[in-house]
Amino acid sequence: MKGLASYFTKRVVFAVVTIFIIISFNFFLFRILPGNPIELLYRNPMLTKAQIDALYHQFGLDKPLWEQFLIYIYNSLTGNLGISFYYKQPVTNVLIPALENSLILLVPATILSIALGIITGVVSAWHRGTKLDFALLGSALAFYTMPTFWLGSIFIIVALYIGGIPVSGMYSLGLNYTGIIPRIMDLLSHLMLPLITLTLVLYGEFTIIMRNSLIDVFTEDYIITAKAKGADDKRIIWEHAYPNALLPMVSIIAINFGLVVAGAVLTETVFSWPGIGLMIYDAIISRDYPILQGAFLIISITVVIANLIADFVYSYLDPRIRYK
Amino acid sequence: MIDINDLFVRYKTENGYANAVDHINLRIEKGIIFGLVGESGSGKTTLGLTLLRILPPSAEIASGSVNIDGTDILRINENEMRKWRGKRISMVFQGAMNSLNPVINIERQVAEPLIIHENIDWEQALKIAREKLALVGLGENTWKRYPHELSGGMKQRVVIAMAIITDPEILIADEPTTALDVVTQDRIMKLIKSLQREYNLTTILISHDLPIVSEVADKIAIMYGGKLSEVGENEQILRNAKHPYTSGLLSSIPEPGSSKEIKGIPGEPISLVNPPKGCRFYNRCQFASEKCKNYDYSPKIVEVGHEVYCTLYGE
């Protein structure tokens, strides 16, 4: 058990170092972008030089880059992500509600896509070479390569054609709910299309990984051993092959968490879902550095944490890692 | 009694069919250790896998029958066959390799055949599994371990415990000591021998290693190129080998303290795809003659229990 503790400690230290590197990287990344936030901000050609300078000073943009960087690091570590150029509010106040909205979409989409990916992958692998395999693998590949905004747009067109299905936002505008139930129902009806879109875009990769990983496992000697014991197909798949095939899946899921967020940017933009993805999109247009930095920081930390969890899950699934 | 009649098993390959088991007739008496010896690609493993019907998808049992106590196991359906696997016929694979599942602990893997075949809960099954593990010489500290934590010899013991937990009638051991060091090899062989004696277990010992097989086997069959070349009692094969291939195998065994040069057999094993007509050993045999080219593999009886498949003998 001592090995397990040192394994966890090592992983946590790695995660912390990674997050620090990301914080530094974030700062420079957006300053390389062309465009000037102050120019976009004042929008008034009549401003005097003194007023413009005052704006630069207010946001600390008149200081040398290294000083801005040190201030940024200090603030980031103390939880102060700065003031949004555009919203004129602390970044955390703007980002936290957006993050909550995103999670309402991302968490179910991730879970659904993993479940769908595992099921189709297992079925596909077991029936490999048949028409069923071809159909499942084909649709997985098709959805995987489909542009998110395109698929989203198709759903919007279909929904408008059918009618009665909300295609944008989280809640219907101007409604006064009589209780929590109607409010949730309204949210769910708005959630439907973005959730389906994101799930479909994400699940294909899981199908392919699960299928290939299982097919690899099927050729292992211990599968023949299981067969020689008299195990039936169900037992061979779920007791012997599946736990082993899951190992590469866990890494892929963690690595892909960033992709989930990227998928969210497009999905949220298409369906005007007021989440962190839509906020990133707006912030890029208005060169809102603090929001971008904040959003990227939150996303990066989520990805790092997802990987950390994956490491723990991995050690739970694979005894070879547990006792190293 | 295992009665193998005209068994023909072939694999589909890109160049045509590979005849791995090429019309073989063999009778294996109950309660003995039957050694099946041949080099890689001689068809011995295919013969073993056929008895359990766990051949890879590219393989095809083209003809023949395998009668065990009056049941032709090649004719029963898959559901019926599953009841034989791990229950009446068990197989021991090369444990040192990957025949144990890396993510399931030892005692659960050993107990699994009971869960599959008997109406028994995990608690009882694990209790029996621990007894069997102890029987093959694995102590309590290993029971909850995972395969990667065990040595090759320990893994081999686990695989054996797993195979005997349902008290099978027939045990097929395919290269059970390959990749183990000589001391461990010896211990595993002694274990197999003692189990066979204790449970009157019909044991089919498949190996490329004639000296190891000859230490424990009651009867030995030599395979070459998908065909049998010689079958006999242990003594008959060792002291009175008739087939040039068997003699070649025996003369490649180094003798301790002897300065005699080890001869070996020149040439390469033949391909099982489109094998030549007549004797498979023809192109490597120093006694080869014209009539070998048309040899139809009719057995020549040397004495009771000793058969040789060679044109040098008999009529």
When you go through (1) farther than 30 Å from residue B:154 by Cα; (2) at pLDDT 95 or above one by one for residue B:85, which number turns out not to apply? (1)
Looking only at helices (runs of 4 or more DSSP H) that fall completely inside region A:1-103, which ones have 3 or more residues that are modelled with pLDDT under 85 and closer than 23 Å to residue A:304 by Cβ? A:2-32, A:65-77
Determine which single condition residue B:166 fails, assuming it passes every other condition in (1) in a helix (DSSP H, G or I); (2) touching a His at 6+ places or on another chain (Cβ under 7 Å). (1)
For residue A:222, only one of the following conditions fails: (1) among the hydroxyl-bearing types (Ser, Thr, Tyr); (2) facing chain B (nearest Cβ under 10 Å); (3) not in a helix (DSSP H, G or I). What is its number? (3)
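Where in region A:245-324 are there helices (runs of 4 or more DSSP H), lying wholly inside it, with at least 2 residues that are at pLDDT 85 or above and closer than 24 Å to residue A:113 by Cα? Outline the logic, then answer.
Values: elements: A:257-270, A:276-285, A:289-317, A:319-322.
Counting at least 2 such residues, we get A:257-270, A:276-285, A:289-317.
Go through the residues of region A:237-245 one by one and say whether even a single one is farther than 30 Å from residue B:82 by Cα, more than 10 Å from chain B (Cβ to nearest Cβ) and either touching a residue at least 60 places away in the same chain (Cβ under 8 Å) or among the polar types (S, T, N, Q) (or both).
No.
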Counting just the residues of region B:7-30 that are within 15 Å of the chain's Cα centre (by Cα) and not charged (D, E, K, R), which one comes out surrounded by the most Cβ atoms within 10 Å (Cβ to Cβ)? B:21
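Would you be able to say whether some residue in region A:119-138 is under 20 Å from residue A:266 (Cβ atoms) and either in a helix (DSSP H, G or I) or at pLDDT below 95 (or both)? Before you say what the answer is, go through the steps one by one.
We begin by selecting, within region A:119-138, every residue under 20 Å from residue A:266 (Cβ atoms); these are none.
Among the residues of region A:119-138, not one is under 20 Å from residue A:266 (Cβ atoms) and either in a helix (DSSP H, G or I) or at pLDDT below 95 (or both), which makes the answer no.
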What are the residues in region A:117-132 that are touching a residue at least 40 places away in the same chain (Cβ under 8 Å) and surrounded by fewer than 19 Cβ atoms within 10 Å (Cβ to Cβ), if any? A:128
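Would you confirm whether any residue within region A:230-243 is touching a Gly at 6+ places or on another chain (Cβ under 6 Å) and part of a helix (DSSP H, G or I)? Working first, answer last.
In the first step, residues of region A:230-243 are kept if they are touching a Gly at 6+ places or on another chain (Cβ under 6 Å); the result is A:230.
Restricting the remaining residues to those that are part of a helix (DSSP H, G or I) gives none.
No, region A:230-243 contains no residue that is touching a Gly at 6+ places or on another chain (Cβ under 6 Å) and part of a helix (DSSP H, G or I).
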Restricting to strands (runs of 3 or more DSSP E) lying wholly in region B:188-285: which have 3 or more residues that are farther than 22 Å from residue B:49 by Cβ? B:227-233
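The rows are residues; the columns are (1) touching a Cys at 6+ places or on another chain (Cβ under 9 Å); (2) among the acidic types (Asp, Glu); (3) within 9 Å of chain A (Cβ to nearest Cβ).
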residue: B:72; (1), (2), (3): no, yes, no
residue: B:83; (1), (2), (3): no, no, yes
residue: B:99; (1), (2), (3): no, no, yes
residue: B:103; (1), (2), (3): no, no, yes
residue: B:118; (1), (2), (3): no, yes, no
residue: B:139; (1), (2), (3): no, no, no
residue: B:144; (1), (2), (3): no, no, no
residue: B:148; (1), (2), (3): no, no, yes
In region B:104-131, residues that are touching a residue at least 12 places away in the same chain (Cβ under 8 Å), among the acidic types (Asp, Glu) and out of contact with any helix residue (DSSP H, G or I) (no Cβ under 6 Å at 6 or more places or on another chain) total 2
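Okay, residues lined up against (1) under 18 Å from residue B:241 (Cβ atoms); (2) over 23 Å from the mean Cα position of the chain (by Cα):
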{"position": "B:264", "(1), (2)": "yes, no"}
{"position": "B:276", "(1), (2)": "no, yes"}
{"position": "B:287", "(1), (2)": "yes, yes"}
{"position": "B:294", "(1), (2)": "no, yes"}
{"position": "B:306", "(1), (2)": "yes, no"}
{"position": "B:312", "(1), (2)": "yes, yes"}
Among (1) within 12 Å of another protein chain (Cβ to nearest Cβ); (2) of a type in the set (A, V, I, L, M); (3) closer than 26 Å to residue B:32 by Cβ, the one test that residue B:114 misses: (3)
If we scan region A:247-258, do we find a residue that is more than 12 Å from every other protein chain (Cβ to nearest Cβ), in contact with a strand residue (DSSP E or B) (Cβ under 9 Å, 6 or more places away or on another chain) and not basic (Lys, Arg)? no
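Away from chain A (no Cβ under 11 Å), surrounded by fewer than 18 Cβ atoms within 10 Å (Cβ to Cβ), more than 25 Å from the chain's Cα centre (by Cα) and part of a helix (DSSP H, G or I): does that describe residue B:107?
Numbers: away from chain A (no Cβ under 11 Å): yes; surrounded by fewer than 18 Cβ atoms within 10 Å (Cβ to Cβ): no; more than 25 Å from the chain's Cα centre (by Cα): yes; part of a helix (DSSP H, G or I): yes.
Judged against the criteria, residue B:107 is not a match.
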Regarding region B:120-142, can at least one residue be identified that is under 25 Å from residue B:1 (Cα atoms), assigned to a loop (DSSP other than H, G, I, E, B) and of a type outside the set (A, V, I, L, M)? no
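The values are calculated or read from the model by the stated rules, or taken from the named source; none is laboratory data. Keep in mind it's a predicted model, so treat the numbers as computed, not measured. Here Cβ is always computed from backbone atoms with ideal geometry, including for glycine, and neighbour counts include all displayed protein chains.
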